[in-house]
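Asker: The structure's right below; bear with me while I get my questions together.
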Amino acid sequence: MSTRFHLDRANGKFLGVCAGIAAQFGWDPMLVRAAFVIGTLAGFGSAILIYLAIALIAD
């Protein structure tokens, strides 16, 4: 497991944020994607802003 977070563009669907989070913690990427979808629906779209912020800040 790496010590720094990075985007996983090779395994990612859009920008690689969910795949990078899944790789960092050893989780299934589909579970992370599902959590983002649920968070977006429950949080009235605020998870989209968080997703974009992570995509812009992370390398």
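Asker: Select from the stretch 30-55 the residues that are polar (S, T, N, Q) and either surrounded by fewer than 12 Cβ atoms within 10 Å (Cβ to Cβ) or in contact with a strand residue (DSSP E or B) (Cβ under 8 Å, 6 or more places away or on another chain) (or both) and list them in ascending order.
Answerer: Ser46
Asker: Filter the stretch 4-59 down to the residues that are of a type outside the set (A, V, I, L, M, F, W, C) and assigned to a helix (DSSP H, G or I) and list them by number.
Answerer: Once the filter is applied, which keeps residues that are of a type outside the set (A, V, I, L, M, F, W, C) and assigned to a helix (DSSP H, G or I), the stretch 4-59 yields Gly20, Gln24, Pro29, Arg33, Gly39, Thr40, Ser46, Tyr51.
Asker: Oh, and also: For the stretch 3-22, what are the residues that are out of contact with any Phe, Trp or Tyr (no Cβ under 9 Å at 6 or more places or on another chain) and crowded, with 16+ Cβ neighbours inside 10 Å?
Answerer: Those that are out of contact with any Phe, Trp or Tyr (no Cβ under 9 Å at 6 or more places or on another chain) and crowded, with 16+ Cβ neighbours inside 10 Å: Phe5, Leu7, Asp8, Gly12, Gly16, Ala19, Ala22.
All of the numbers you see were taken from the coordinates with simple rules; none came from a lab. This structure is a prediction, so every number in the text was calculated from the model and none was measured. No Cβ is skipped: glycine too gets one built from the backbone with ideal geometry, and neighbour counts run over all protein chains shown.
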